[in-house]
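Values in this text are rule-based calculations from the coordinates and carry no lab data. All values derive from a computational prediction rather than experimental measurement. No Cβ is skipped: glycine too gets one built from the backbone with ideal geometry, and neighbour counts run over all protein chains shown.
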Amino acid sequence: MLPKIFTRKRISPLDMSPEEFRNAGYALVDRMAELLKALPKKPVTTGEAPSAIRAVLGQESLPEKGAPAGKLLEEAATLLTEHSLFNGHPRFMGYITASGAPIGALGDLLASMVNPNVGAYALSPMATEIERQTVQWIAEMIGYSRDSGGLFVSGGAMANYIGYLTARRARADHDIRKKGLKDKRPLLVYCSEETHTWVQKAADLFGQGTDAIRWIESDEQQRMDTAALERRMRTDLLEGHQPFLVIGTAGTVSTGAVDPLADLARICRQYKLWLHVDGAYGAPAALLPELTELFDGLSLADSIALDPHKWLYSSLEAGCVLVRNPNHLRDTFGYQPVYYNFEGDAEDPGLNFYEYGLQNSRGFRALKVWLAIRQSGRSGYVRMIREDIELADTLYKKIKNSTELEAFSRSLSVTTFRYVPPGWDKDSVEGQQYLNRLNGELVNRLQDSGEAFVSNALIKGNYLLRSCIVNFRTSLSDIKALPEIVIRHGRAVHMEMQQEKGLT
Ligand SMILES: *Cc1c(COP(=O)(O)O)cnc(C)c1O
């Protein structure tokens, strides 16, 4: 007799009937729509401690038996809507985390259901072409070459790693894929002090060590000093080193500064170096005609990293890397193992994204971005990004006019500032140290309050609050409310610190 499994239709614990899926899905979508409605009235975050969250979640060990899908989704929706930080909240202005476009949430559901493996064309025909088209649209958005190519990755750091590795493969004076780094002239990377920490991870993990990074000083506006760059490079060349890569940043993480990209492109051409631009945050602002000058030179980069989950308002995760000549990608990452049958028709071959990057199996990250681009169009993005910048500028001006807040910078949609008690001596060493402590505590206080969420920056030894608006839900009323919230908490922290001082 055949075992039971072969004599009846197989019913797996993880499968769902179309009917069950429909019911659970409708209920979940209802919850999501309620969240959208309630969002502006909710706190940005509950600010609960990890132990409180663990208590809510419960400490049961691995469940032995299963449970109905609908009930579990209901439970998960409650846990997450009641105990999350909402970066889609109108008053979330911390770090560089965008309000995710709702169409992307629905797109993710679709992507997950069809579940294409976008590593190979044969496994994901339509998904591959949608990803290819999305990459091309992003290149078009920022005025990059139409012949460029690239792919989606998890975020800005990963996109930058791909640029880094591609540059190294293309510019090293030997076959680095075969020979590696051993006994070779040291390969050097040049970037400003304001460069995001991904470059340390890259130099470290890809075998060169962080000493291979030449940190170039930046000017008053946190942009790379290109004269210092050239001086340093000449010295290194004389000493037998091998510069291979210059990294320019288009929108630094602290203050939104944009390096002089056209100068960097000229230097790279002269010394035959690869120019990679980290535009994880700022590159989408190149869409705005009024910023053409600021981004001059971006289109000359050999590669560009850009984060759709930042200023293209995609939900996490979505990073994108563009390479002017995409053959460099295959030349850096491609292998054709015997167990793959992905070559396709020689006349009309499919694009196999696994040959373009570090990942093998790949999810369909591009769909949510493709949908958002189509929903909003170029003009929609111009409007949203322009409004974010205008709001940041309005905030800067409001702070400038405040007697208790001090404005430091505004570039792109980043504004930095701090709380200064009236009449405070900020020039003495003790006065400055006090302000640093006060504003450090103030950031924590604001973040936990749930009223508004800003993050921090350190400029020339000054600890600052930092607002970054990549949020299509933030409006003028939120910006008007922020100074009052900051001052109220600032006064409270100051008073407590004064009382403590009085006690000791
Ligand atoms: C955010 C950011 C990164 C890192 O991107 P992730 O998406 O967090 O991996 C790198 N560089 C810059 C300039 C950034 O703003």
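Cα centroids of the range 404-451 and the range 243-291: 29 Å apart. For the range 109-208, the list of chymotrypsin sites (Phe, Trp or Tyr not before Pro) that fall in a loop by DSSP and count at most 14 other C-beta atoms within 10 angstrom is empty. Specify whether the C-alpha gyration tensor of the range 193-233 places it in the rounded, prolate or oblate class, a ≥ b ≥ c being the square roots of the eigenvalues: rounded for a/c under 1.5, otherwise prolate if a/b is larger than b/c and oblate if not. Here the range 193-233 falls in the oblate category. Considering only PRO13, GLY240, GLN200, and ranking their Cα positions along the charge dipole of the chain that arises from unit charges at the beta-carbon of Lys, Arg, Asp and Glu, the one farthest toward the positive end is PRO13.
A simple charge model with +1 on the Cβ of Lys and Arg, -1 on the Cβ of Asp and Glu and nothing else charged puts the dipole of the range 109-234 at about 700 debye relative to its Cα centre. For the range 334-460, a simple Cβ point-charge model (Lys and Arg +1, Asp and Glu -1, everything else neutral) yields a dipole of about 420 debye relative to the Cα centre. By definition, a body whose alpha carbon gyration tensor gives a ≥ b ≥ c is oblate when a/c is 1.5 or more and a/b is not larger than b/c, and the range 406-463 fits this oblate description. This model, with +1 at the C-beta of Lys and Arg and -1 at the C-beta of Asp and Glu, gives the chain a dipole about its Cα centre of some 520 debye. Taking square-rooted eigenvalues a ≥ b ≥ c of the alpha carbon gyration tensor, is the chain rounded, prolate or oblate, where a/c under 1.5 means rounded and, failing that, a/b exceeding b/c means prolate? Taking the square roots of the gyration eigenvalues as a ≥ b ≥ c, the chain is oblate. For LEU151, nonlocal amide neighbours, meaning residues 5 or more places apart or on other chains whose placed amide H falls under 5 Å from its own, are VAL321.
Highest average first, the peptides 11-22, 364-375 ordered by how many other beta carbon atoms sit within 10 Å of their residues are 364-375, 11-22. Between the amide H of SER192 and those of ILE216, distances stay under 5 Å, these residues lying 5 or more places away or on another chain, with hydrogens modeled in the peptide plane. Ordering of 264-277, 247-260, 423-436 by packing is 247-260, 264-277, 423-436, highest average first (other Cβ atoms within 10 Å, averaged per residue).
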